[in-house]
Each structure stands twice: as C-alpha cells, then as structure tokens.
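The values are calculated or read from the model by the stated rules, or taken from the named source; none is laboratory data. What you are looking at is a predicted structure, and each value in this text was computed from that prediction instead of being measured. Note that we place each Cβ from the backbone using ideal geometry, even for glycine, and neighbour counts take in every protein chain shown.
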Amino acid sequence: MVISIAAKFDRACAILDKYERDPHKLIPILQEMQAEYKYLPEEIMTFISVALGISPSSVYGVATFYAHFTLEPKGKHVIKVCDGTACHVKKSEGILKALEKELGLNKENKTTKDRMFTLETVACLGACGLAPVVVIDDKVHGLMTPESTLALLSNIKKEELIK
C-alpha cells in the first residue's frame, strides 16, 4: 500500500493540530511522528519546522540529540544487542557477529534490504543479571548465545512466511 503525499502530510497535520502547533511541544510531536512513520523523514521534519515557525536546524538538533529518535527507516523487527560491560564480558560480540552474518548486515548497513530486520548495538539494557541480553521487538531475552539468538531469528522468519 502506497501512501499518497497528501495523505502523508494530512497525518502530520493531525499530529501537529493535536499539540496545537506549539513549538514547546516539539519532543512529543517528534515522538508521535516517529510512531506514525517508524522514523523521522527529512520532509516531515522540514514540514514540522515550517508549521511550528522554528528553524529546520532546531528540529534536526532535537531529533539527533536524543537517541530515541531515528532518521533512517527501521525494519519491521528491531533487534538490539547489549554491549554494556556485563554483556560484553559474557561475549555479546559473538551474538552480534552471528546476527550480522545471518542478516548480511554491518555497522554501516543496519537494516536488511527488505526492511524486515534492523540490528542495533546498545550500551546497556539494564538487565545485567541476564547477560548477555538481546531485545527483539521490545521483548527481553537473557542468557543468550549466538545459537539461541539465531534460533529466535529463525522462528521470526518462519512466522513471517506464514503471514
């Protein structure tokens, strides 16, 4: 399903109207825009700046300052591998390498071409007692190995084929 340009901006207008086009509400506006579009497209950030009467660099500055925001499209399934101290010591790098190999990804290319998977490394997930930890679609998986992680990935791929 292709969304027309008008429909894309109609949804953006509805979000801006919800927040009364108040520039002081930029962060919740960006949060909702990202929830709608799955990332913050450049044309949407420009549209926000015009609608709020603030500079594009102000919008971009907020969007790039907070790690929660992303300027690149993400895959349907987001996989986060913790590389904090506890996870790193327990060999989370092996999990990351196995996922990169299986998905054909690397540090420069974090999302598969079909936009099914995005692979991210995070500094800490706050679950050190379960190290190494992998989060897939906001579900925490602890005490992971490369093999158990690839098994989870395989299950997701199988479920996607059924859909």
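Key figures
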quantity	calculated
Selection count where residues are under 16 Å from LEU119 (Cβ atoms), among the hydrophobic types (A, V, I, L, M, F, W, C) and not in a helix (DSSP H, G or I), scope segment 134-151	4
Qualifying position, being exposed (fewer than 13 other Cβ atoms within 10 Å of the Cβ) and under 30 Å from LEU143 (Cβ atoms), among ALA67, ALA86	ALA67
Residue within segment 70-79 that is surrounded by fewer than 17 Cβ atoms within 10 Å (Cβ to Cβ), outside any loop (DSSP other than H, G, I, E, B) and not assigned by TED's automatic domain parsing to the domain that holds LEU40 present	no
Given (1) free of Cβ contacts under 8 Å to residues at least 24 places away in the same chain; (2) in the same structural domain as LYS139 (by TED's automatic domain parsing), number of the condition SER49 does not satisfy	(2)
Which listed residue is aliphatic (A, V, I, L, M), more than 16 Å from the chain's Cα centre (by Cα) and within 24 Å of GLN34 (Cβ to Cβ), from LEU103, LEU119, LEU130, LEU125	LEU103
Pairs where the first residue, in segment 18-46, is farther than 20 Å from LYS76 by Cα and the second is of a type in the set (Val, Ile, Thr), C-beta under 6 Å, 6+ apart	TYR19/ILE29; PRO23/ILE54; LEU26/VAL62; MET45/VAL59
Restricting segment 9-34 to residues that are farther than 13 Å from MET45 by Cβ and at pLDDT below 95, the residue that is surrounded by the fewest Cβ atoms within 10 Å (Cβ to Cβ)	ASP10
